[in-house]
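Below you will find the structure I want to go over with you.
The values are calculated or read from the model by the stated rules, or taken from the named source; none is laboratory data. Nothing here was measured: the structure is a model prediction, and the numbers come from that model. Reconstructed Cβ throughout: ideal geometry from the backbone, glycine too, with neighbour counts over all protein chains shown. Remember, those area values only see protein heavy atoms, side chains included, never the ligands or the DNA or RNA. Shrake-Rupley method; radii C 1.70, N 1.55, O 1.52, S 1.80 Å.
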2 protein chains.
Amino acid sequence: MFDPANLTFDANGLVPAIAQDAETGEVLMLAWMNADSISRTLDTGHVTYWSRSRQAFWAKGETSGNRQHLIEMRIDCDRDCLLMLVRQDGPACHTGRRTCFYTAVRDGAEVELMTPMEDQPSA
Amino acid sequence: MFDPANLTFDANGLVPAIAQDAETGEVLMLAWMNADSISRTLDTGHVTYWSRSRQAFWAKGETSGNRQHLIEMRIDCDRDCLLMLVRQDGPACHTGRRTCFYTAVRDGAEVELMTPMEDQPSA
């Protein structure tokens, strides 16, 4: 059986967790989890991080409605990093963009790859 | 212009870097970079991490030959995490598997999703 206690946490009791869109493969964000937030994520099916700034559980989308529904959790070889395959409601990024990784470095310059979702023309 | 000094590093001068296969979208691994390893990665086109255990540059694949060729570097909204889109030679994982995230949690149990690449029948 899987037990979060058998993961390797850092000095603050946290592991980085990558959220990836299970359907498109897009990497959406990286945040942090402690053992309890991992258990909550598995129990509820809603991805729940640990907010380092607020020192509190951060059930993604609880206030914004932009929830991350867990499709599958994966563990890396060193057991010190998680990959969350998710179905993301709306934007994952607090800026309103689909992903937090919207800035590319091209020819030494930063290039913004996308605008907030509400700014995009509807299909 | 992009300057690694304008990223937000942790207390150890590091940021987490996610490596993703640029073609398939597969998330391969997560490791850490300092400002110098980011510069080396951009200068050489070979993804170079900072090894926390060895406290030394870790030019991925330098000894194994399983190099990560940088296709594009991306920065997240908080500027404290990087996404490396790469072309990966051979396995990314030190266990010989294509990705480090080869363990899934399904129905409360850990399930191994793949074997080392050399064990796989050739196509």
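Pick out the one residue from B:ARG40, B:ARG67 that is on the phi < 0 side of the Ramachandran plot, within 13 Å of the chain's Cα centre (by Cα) and modelled with pLDDT of 95 or more.
Answer to the check: B:ARG67.
If you don't mind, another one. What are the pairs with Cβ atoms under 6 angstrom where one residue, in the stretch A:89-117, is in contact (Cβ under 8 Å) with a residue 60 or more places away in the chain and part of a loop (DSSP other than H, G, I, E, B) and the other, located anywhere, is surrounded by 20 or more Cβ atoms within 10 Å (Cβ to Cβ) and of a type in the set (Gly, Ala, Ser)? Sequence gap at least six, or different chains.
Pairs found: A:THR99/A:ALA92.
Across the stretch A:3-49, what is the total count of residues that are part of a loop (DSSP other than H, G, I, E, B) and in contact (Cβ under 8 Å) with a residue 60 or more places away in the chain?
Summing the residues that are part of a loop (DSSP other than H, G, I, E, B) and in contact (Cβ under 8 Å) with a residue 60 or more places away in the chain in the stretch A:3-49 gives 7.
Here's another thing I want to ask about it. Considering the stretch B:19-55 alone, what residues qualify as being open to solvent by less than 30 Å² (accessible area, probe 1.4 Å), more than 23 Å from A:ASP107 (Cβ to Cβ) and hydrophobic (A, V, I, L, M, F, W, C)?
Residues satisfying the conditions are B:VAL27, B:LEU28, B:MET29, B:LEU30, B:ALA31, B:TRP32.
Further, regarding this structure: Would you check if B:ARG106 is within 12 Å of chain A (Cβ to nearest Cβ) and touching a Leu at 6+ places or on another chain (Cβ under 8 Å)?
no
While we're on this one: All but one of (1) at pLDDT below 95; (2) more than 11 Å from chain A (Cβ to nearest Cβ) hold for B:SER53; state the number of the condition that does not hold.
(2)
Checking A:LYS60 against (1) closer than 14 Å to B:VAL27 by Cβ; (2) open to solvent by less than 30 Å² (accessible area, probe 1.4 Å), which test does it fail?
Evaluating A:LYS60 over (1) closer than 14 Å to B:VAL27 by Cβ; (2) open to solvent by less than 30 Å² (accessible area, probe 1.4 Å) leaves (1) as the failure.
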